[in-house]
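The values are calculated or read from the model by the stated rules, or taken from the named source; none is laboratory data. Model, not experiment: these values are computed from the prediction. Every residue, glycine among them, receives a Cβ derived from its backbone with ideal geometry; neighbour counts consider all protein chains shown. Ligands, DNA and RNA are excluded from the accessible area calculation, which covers all protein heavy atoms including side chains. Shrake-Rupley method; radii C 1.70, N 1.55, O 1.52, S 1.80 Å.
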Amino acid sequence: MKILMYHSVINAQSGTAPNRETGAHLYDIEEKTFEQHLQWLKVMGYQVATLSQPSLISKNQNVVITFDDGEMNNFEVAYPILKRFSYPAYFFVTVDRIGKKGYMDWPQLRELQMAGMIIGSHSLTHRILSELPQEELMQELCESKRILEENLKTKITTFSIPRGFISQTLMQCAEEAGYEWVFGSQPHHSQLAKYKGRIAVKANWSIQRFEQALKGYTPWKERAAVMIKNLIKCVAGNQGYDRFRSFLLRGRI
């Protein structure tokens, strides 16, 4: 089973939310590209599933589709395409952004839910959770879950880690908060129970690169970049790496 991580799916009418984190544009997928991805999955015989379908998720030819952040383009652009293919997806929303400019509000989330999509938490404020004191971490996990459950009248069982920074403490707190599954952006963390790694789909990917990702192949330049990233994290910590990355993307160093 492969799990795809999308963020924004955009067209000329539906752009992106304002004041996003540095680097968010790297994951802005064009509408036609997203449709190509789903068409490729269909032609190649992939079954798009959810984690509530255990008979499906154990098979290599199955895919789970997820979205992070909860931008309005998820509803306006991605959702109609998913409906056309009859594919389910997970939508992880940052709770304090619900209803703000460029983000989905409760009516859109309820419509997604009614259509068979799964809503999950992407935290309360989208901070780097691995660096927070445990009390603040639990607030991010529990309060976002509570607000979603109260407004959507359903149990929220899935969580997506903001910005991908994972820790053992985070995983333990997520389990205490009542989440059954935790989704991250690192594909391989099999030693952590309840963790589901994902393939981060990027804006500059060709359909050939998308195909490579589904087949488990990563070009050597990308593998080298991941090794350098992990080295910087070891030396500077998650916060230090995040600042370094932000400066790079802004062209300051």
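The figure for LYS155 is an accessible area of roughly 130 square angstrom, using a 1.4 Å probe on the protein chains alone. Residues whose amide H lies under 5 Å from that of VAL64, counting only those 5 or more places away or on a different chain, are LYS2, ILE3, LEU4, ALA49; hydrogens are built 1.01 Å from N in the peptide plane.
The residues packed around MET138, meaning those with a beta-carbon under 15 Å from its beta-carbon, carry a net charge of -4 if Lys and Arg are +1 and Asp and Glu are -1. For the range 1-128, the antiparallel share of DSSP beta bridges with both residues in that region comes to about 5%. Here's how it looks for ALA200: its modeled amide H is under 5 Å from those of MET5, which are all 5 or more places away or on a different chain.
Is it possible to state the helix-based mean residue ellipticity at 222 nm for the chain, with each DSSP H run of 4+ residues giving -39500 (n - 2.57), the sum divided by total residues, to the nearest 500 deg cm²/dmol? What is it? Walk me through the numbers before you get to the answer.
Values: 8 runs with 100 residues, N = 253.
Calculated mean residue ellipticity at 222 nm is -12500 deg cm²/dmol.
Using a probe of 1.4 Å on the protein chains alone, the accessible area found for MET1 is around 50 Å². Within the range 154-172, whose backbone N sits under 16 Å from a point 7 Å along Cα→Cβ of GLN134? Taking a point 7 Å out along Cα→Cβ of GLN134, the residues of the range 154-172 whose backbone N falls under 16 Å are 167-172. Return, ordered by residue number, the residues of the range 12-34 whose backbone nitrogen is under 13 Å from a label point located 7 Å along Cα→Cβ of LYS101. Hits in the range 12-34 for LYS101 at 13 Å: 16-20.
Would you mind putting 67-74, 210-217 in packing order, based on average other-beta-carbon counts within 10 Å, highest first?
On the way: 67-74: 26.6, 210-217: 14.5.
Highest mean packing first, the order is 67-74, 210-217.
Residue-wise HN-Hα couplings along the range 118-131, as the Karplus relation 6.51 cos²θ - 1.76 cosθ + 1.60 with θ = phi - 60° gives them from phi, are 10, 9, x, 8, 10, 5, 7, 10, 6, 7, 6, 6, 5, 9 Hz; Gly and Pro carry x. The accessible area of TRP181, taken with all protein chains in place and a 1.4 Å probe, comes to roughly 80 Å². Note that the chain presents 49 Å² accessible area per residue, ligands and nucleic acids not counted, probe 1.4 Å. For the residue pairs LYS32/LYS194; LYS100/LYS153; LYS42/LYS101, alpha carbon separations beyond 24 Å are given by LYS32/LYS194; LYS42/LYS101. Charging the Cβ of each Asp and Glu at -1 and of each Lys and Arg at +1, and nothing else, the dipole of the range 69-184 about its Cα centre rounds to 480 debye.
The fraction of accessible area contributed by carbon and sulfur in the chain is 51 percent, rounded to a whole number (1.4 Å probe; ligands and nucleic acids excluded).
Of THR66, THR94, THR154, which has the largest mean-square fluctuation in a 10 Å C-alpha GNM of the chain? Taking springs between Cα atoms under 10 Å, the residue moving most is THR154. The alpha carbon radius of gyration of the range 1-105, expressed as a multiple of 2.2 N^0.38 Å, is 1.09. Excluding same-chain neighbours fewer than eight residues apart, the aspartates and glutamates reachable from LYS83 by a Cα-Cα span under 19 Å are GLU30, GLU31, GLU35, ASP68, GLU71, GLU111. Near the amide H of GLU30, within less than 5 Å, lie the amide hydrogens of ILE10, all on another chain or at least 5 residues away, with H placed in the peptide plane.
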